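Take a look at the structure below.
The values are calculated or read from the model by the stated rules, or taken from the named source; none is laboratory data. Everything quoted here is computed from the prediction, not taken from an experiment. Neighbour counts are summed over all protein chains in view; Cβ atoms, including those assigned to glycine, are modelled from backbone coordinates with ideal geometry.
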Amino acid sequence: MRLGWPGAWGIAGVLALLGQAIYKLTPYALALTELSLGVLELVALVGWVAFNAYSEGYRGFQLKFSPRVVVRARCLTADPRPLFVVLAPLYCMGMIHATRRRLIVSWCLALGIVAIVVVVRRLDQPWRGIVDAGVVVGLAWGVASIVYFVGRALAGRAIPIEPDLPR
């Protein structure tokens with residue numbers, strides 16, 4: 001199955017969403033370089049970045065979200081229904097036209113992220129920068145893994161994950 005323009009639009013939308021988050025959060029993370037962090041803060045920074053690289057970047061994005069985005073983009077290209085093409089980024093993220101379980105997981109995750117963003121915005125530096133540094137690393141890993149799976153798709157290689165489409 002190829003990756004045509006409907007799927008490309010979906011992937012571009014997902015990458016734009018992740019890229020916007022990276023763009024907005026990076027200044028808070030970089031502001032840490034202007035601060036004198038104590039031992040506790042340095043340990044928290046290193047630990048949080050490592051935790052996010054593994055849990056968000058590797059386990060969340062590379063193993064689950066990113067391959068599913070690309071597989072669903074391929075499915076959208078194969079069956080480009082007009083409404084799904086218009087909403088392609090949401091389709092690729094599994095937020096519409098998905099199994100009941102995928103819809104619940106996708107929407108709960110999105111709502112959870114919004115709640116976390118509201119809380120983190122209230123943190124003062126250096127803690128906001130520490131949290132945002134970990135998130136930026138995880139999101140950047142996510143972008144890189146989506147690009148990797150797009151490369152696999154364009155090369156015609158299989159991506160071993162279910163698209164979670166309804167029957």
Please work out if A29 is in a helix (DSSP H, G or I), closer than 15 Å to V143 by Cα and small (G, A, S). no
Quick check on my filter: what residues within segment 87-109 are among the hydrophobic types (A, V, I, L, M, F, W, C) and exposed (fewer than 12 other Cβ atoms within 10 Å of the Cβ)? I104, C108
Contact list please: Cβ distance under 6 Å, first residue in segment 67-90 and within 13 Å of W5 (Cα to Cα), second residue of a type in the set (S, T, N, Q) and not in a helix (DSSP H, G or I), pairs at least six apart or on different chains. none
Residues that are under 20 Å from A73 (Cβ atoms) and surrounded by 11 or more Cβ atoms within 10 Å (Cβ to Cβ): does segment 113-132 have at least one? no
Which members of segment 64-82 meet the condition of being in a helix (DSSP H, G or I), over 14 Å from the mean Cα position of the chain (by Cα) and charged (D, E, K, R)? R72, R74
Tell me, please, whether a residue that is touching a helix residue (DSSP H, G or I) at 6+ places or on another chain (Cβ under 8 Å) and either under 19 Å from S66 (Cβ atoms) or of a type in the set (F, W, Y) (or both) can be found in segment 98-112. yes
Is it fair to say V46 is assigned to a helix (DSSP H, G or I) and at pLDDT 95 or above? yes
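A quick yes/no check of all residues on (1) within 21 Å of R59 (Cβ to Cβ); (2) in a helix (DSSP H, G or I); (3) at pLDDT 95 or above; (4) of a type in the set (S, T, Y):
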| residue | (1), (2), (3), (4) |
| --- | --- |
| G134 | yes, yes, yes, no |
| W141 | yes, yes, yes, no |
| S145 | yes, yes, yes, yes |
| Y148 | yes, yes, yes, yes |
| R157 | no, no, no, no |
Cβ pairs under 8 Å, 6+ apart or interchain, first in segment 52-63 and of a type in the set (S, T, Y) and part of a helix (DSSP H, G or I), second buried (at least 18 other Cβ atoms within 10 Å of the Cβ) and modelled with pLDDT of 95 or more, ordered by first then second residue, are S55/G138; Y58/W141
By residue number, the members of segment 137-167 that are touching a helix residue (DSSP H, G or I) at 6+ places or on another chain (Cβ under 6 Å) and of a type in the set (F, W, Y) are W141, F149
Take V117 and tell me if it is hydrophobic (A, V, I, L, M, F, W, C), closer than 30 Å to V46 by Cα and either assigned to a helix (DSSP H, G or I) or in contact with a helix residue (DSSP H, G or I) (Cβ under 7 Å, 6 or more places away or on another chain) (or both). yes
Just need a number here: residues in segment 53-63 that are under 11 Å from the mean Cα position of the chain (by Cα) and either small (G, A, S) or modelled with pLDDT under 95 (or both). 2
